[in-house]
């Protein structure tokens, strides 16, 4: 789920931190990175249910620590949103239900087979078997639509400024 993760991450960051110095571009990217990384690498090793190393707390901590150690100033502050979005992805996936993946490698070398990622062609060919997936996508789309309207991103200048610095302005 792409919109679900982006919408939930944006909403949680907004409710907890607000608009202060948060680069929402990086939060949104971080919110989908675990699925992109595991989607690209699960063929290289046995991922349980499509969730592998990127769905572990270790991966999130490693990426976040690397951001803190290797970046400085405003760049570090902006890119730190990747670590925040990544962690919120794990929360939105309910990874505590798959502790062998979430706490990999401490909980073992294998990855949990369940709950599995809902991504497959079945989502499109048999959508009624994946109503929760589609419901999540609708919720995420509604949250992102709220941000679009609430912060006037339909205005070309405001949207260009958001894409340039990632900040939401009232």
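Selection of the range 49-85 for residues being surrounded by fewer than 22 Cβ atoms within 10 Å (Cβ to Cβ), in contact with a helix residue (DSSP H, G or I) (Cβ under 6 Å, 6 or more places away or on another chain) and not in a helix (DSSP H, G or I) yields only 71.
Any residue that is under 11 Å from the mean Cα position of the chain (by Cα), more than 29 Å from residue 170 (Cβ to Cβ) and either at pLDDT below 85 or outside any loop (DSSP other than H, G, I, E, B) (or both) - is there at least one of those in the range 40-48? No, that holds for no residue. Evaluation of residue 93 against the conditions (1) at pLDDT below 95; (2) out of contact with any helix residue (DSSP H, G or I) (no Cβ under 6 Å at 6 or more places or on another chain); (3) surrounded by fewer than 21 Cβ atoms within 10 Å (Cβ to Cβ); (4) closer than 30 Å to residue 168 by Cα shows that the sole unmet condition is (3).
Scanning the range 81-92 turns up no residue that is farther than 21 Å from residue 4 by Cβ, out of contact with any strand residue (DSSP E or B) (no Cβ under 7 Å at 6 or more places or on another chain) and in contact (Cβ under 8 Å) with a residue 12 or more places away in the chain. Residues in the range 115-128 that are loosely packed, with under 11 Cβ neighbours inside 10 Å and modelled with pLDDT of 70 or more: 124, 125, 126, 128. Looking across the range 118-170, just one residue is within 18 Å of the chain's Cα centre (by Cα) and at positive phi, and that is 166.
How many residues are buried (at least 17 other Cβ atoms within 10 Å of the Cβ), under 22 Å from residue 4 (Cβ atoms) and out of contact with any helix residue (DSSP H, G or I) (no Cβ under 6 Å at 6 or more places or on another chain) when one looks only at the range 96-111? Even if it seems obvious, please write down each step before you answer.
From the range 96-111, those buried (at least 17 other Cβ atoms within 10 Å of the Cβ) are 98, 100-102, 104, 111; that's our starting set.
With under 22 Å from residue 4 (Cβ atoms) added as a condition, the list becomes 98, 101-102, 111.
Still in the list and also out of contact with any helix residue (DSSP H, G or I) (no Cβ under 6 Å at 6 or more places or on another chain): 98.
Final tally of qualifying residues: 1.
The values are calculated or read from the model by the stated rules, or taken from the named source; none is laboratory data. All values reported here derive from a predicted model rather than from experimental measurement. Because the Cβ atoms are built from the backbone with ideal geometry, glycine has one as well, and the counts that use them run over all protein chains shown.
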